[in-house]
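Written below as structure tokens is the structure these notes are about.
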Amino acid sequence: MDGKLLARIGAAAFVGIALTMTLVQMREESAPRPKPTPSVWMPDGDPLPAQLRACAQMGEAALSSPDCRAAWAEKRQRFFNVDHPDAYTEAEPSPAPPAASLPAPIEPRED
């Protein structure tokens, strides 16, 4: 036998086997996928997450709520692992500087 003829027979056999395997795979029914089980959150007795969710649903009204401010302070204290509660209290915003103390705008030069 010639080498070219043997290569052609091998290629034809390979293509035949590939087609047969493809047809077998297409005829098989796929196994049904199991539906994921829903996870249920069970509270562990800590009211802070529920309070934070309630504050998140309040929107801008939560900014003036003392309960929400206390919940946020507790969350910061737990997150940063700080023992003293005054470490992250709100600072008073500094007032804007008067207009007289701002630098004057630079005027373009005419050459």
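The values are calculated or read from the model by the stated rules, or taken from the named source; none is laboratory data. The structure displayed is predicted, hence computed values, not measured ones. As a convention, Cβ positions derive from the backbone with ideal geometry for all residues, glycine included, and neighbour counts pool all protein chains shown. SASA here: full protein model, heavy atoms, side chains in, ligands and nucleic acids out. Shrake-Rupley method; radii C 1.70, N 1.55, O 1.52, S 1.80 Å.
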Please work out the FRET efficiency for the pair Glu29 and Leu5, using the Cβ-Cβ distance as r and a Förster radius of 41 Å; give the result to the nearest 0.05. 0.50
Using the Karplus curve 6.51 cos²θ - 1.76 cosθ + 1.60 with θ = phi - 60°, what ³J(HN,Hα) values do you get for each residue of the stretch 8-23, in whole Hz, with x for Gly and Pro? 5, 5, x, 5, 5, 5, 4, 5, x, 5, 5, 5, 4, 5, 5, 5
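Which GluC sites (Glu not before Pro) in the stretch 3-64 sit in a loop by DSSP (not H, G, I, E or B) and have at most 14 other Cβ atoms within 10 Å of their own Cβ? Before the final figure, lay out each step's value.
On the way: sites: Glu28, Glu29, Glu60; in loops: Glu28, Glu29.
Sites meeting the loop and neighbour criteria: Glu28, Glu29.
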Accessible area (Å², 1.4 Å probe, nearest 10) - Lys75: 100
